[in-house]
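Step one of this worksheet: look at the structure below.
The values are calculated or read from the model by the stated rules, or taken from the named source; none is laboratory data. Owing to the predicted nature of the structure, the values given are computational and were not obtained by experimental measurement. With ligands, DNA and RNA removed, areas are computed over all heavy atoms of the protein, side chains included. Shrake-Rupley method; radii C 1.70, N 1.55, O 1.52, S 1.80 Å.
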Amino acid sequence: MKFMKKIFVIVIGLLSLLACQQKGNSTSDNVPRRVCDSLNRIIELKNNEMNDMMGTLNDIEEGFRAINAAEQRVTIAKEGEGTSQKERIRENMEFITEQIQQNRELINKLRNQARQSTIKTDQLRRTLDNLSRQLEEKDAQLSLLQAELEAKNLQIGELNTQLTDLSSDVKTLQEESSQKSQTITTQDKQLNTAWFVFGNKKELKDQHILENGEVLRSNFNRDYFTKIDIRIDKEIRLYSRSAKILTAHPAGSYMLTQDANKQYILRITNPQQFWSTSKYLVVLVK
């Protein structure tokens, strides 16, 4: 814009000097008036042309200033995260794109003004070329910035995918762990579950628990038995003054004792050993 002002001053100075010289050398009042009028019209024409071009140049410079400011806002916003920052980046990127297009149109407009103008200077042509180069640089910078933002979004997308996959893996592991824990719990419960029954000979025979002097040899009624946890239930009251264990259990792993009423109580002193041979206990009582 400074070179435009210099051109304007030079043009005005030369035309004013020419008018003064014509006035000083003329012998007729009509001649200098006509000359001055003509020069004034020329000066006004040059002035209007210069003002139009300087206005366009000012618009271009303001466009570049706005682009630089928007680029700075994008740089600042990139440091943040969240929806609001992304929205500001998008708005500023759209603004930069529009401003670059407007500047391109203004430069083309200034070129047309320069071609049609009676003012011909190499400096103006060089300035327009320089403005075009600056605009192309801004366009290239915008492309790089867009690529950078897309790459960042891609990285965020990949991280989100990885996080989703990781969450899915964690959920799968948790489900597997839960299933394994449930299986272990079930197996542990099964391993520590036993069944017992006590009754007289008739009762045991009726349930096919005792047949022909043998115990648990046929399809006996399992529902007649009581289920216990061998880790917890270590004492079984038989409510009888006569008790005989019919199933095989290691000696030394239990005791048959009597209470104050002379009724027997089976006390299991070593559960693991006692139930190692059979998980079913059958006691004959009277």
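Quick look at the values:
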read-out: ³J(HN,Hα) computed for each position of the stretch 203-213 - Karplus, 6.51 cos²θ - 1.76 cosθ + 1.60, integer Hz, glycine/proline x; value: 4, 5, 5, 4, 9, 6, 7, 10, 9, 6, x
read-out: J(HN,Hα) series, the stretch 249-263, from Karplus relation 6.51 cos²θ - 1.76 cosθ + 1.60, nearest Hz, glycine and proline x; value: 9, x, 5, x, 9, 7, 9, 9, 10, 10, 8, 5, 8, 6, 8
read-out: Exceeding the 29 Å Cα-Cα cut-off - candidates Lys171/Lys279; Lys201/Lys234; Lys86/Lys171; Lys171/Lys227; Lys202/Lys279; value: Lys171/Lys279; Lys86/Lys171; Lys171/Lys227
read-out: The stretch 236-286: translational diffusion in µm²/s, Stokes-Einstein, Kirkwood Rh over Cα pairs, 37 °C, 0.692 mPa s; value: 293 µm²/s
read-out: Span from the the stretch 169-234 Cα centroid across to the the stretch 238-286 one, whole angstrom; value: 18 Å
read-out: Contact order normalised by residue count of the stretch 138-252, Cα under 8 Å, 6+ apart, percent; value: 19 percent
read-out: Solvent-accessible area, 1.4 Å probe, carbon plus sulfur percent, for the stretch 129-286; value: 48 percent
read-out: Cα-based reach from Lys244 at 20 Å (exclusive), listing aspartates and glutamates while leaving out same-chain residues under 8 positions away; value: Glu203, Asp206, Glu211, Glu214, Asp233, Glu235, Asp259
read-out: Projected area averaged over orientations for the stretch 183-286, convex hull of C-alpha atoms, nm²; value: 7.0 nm²
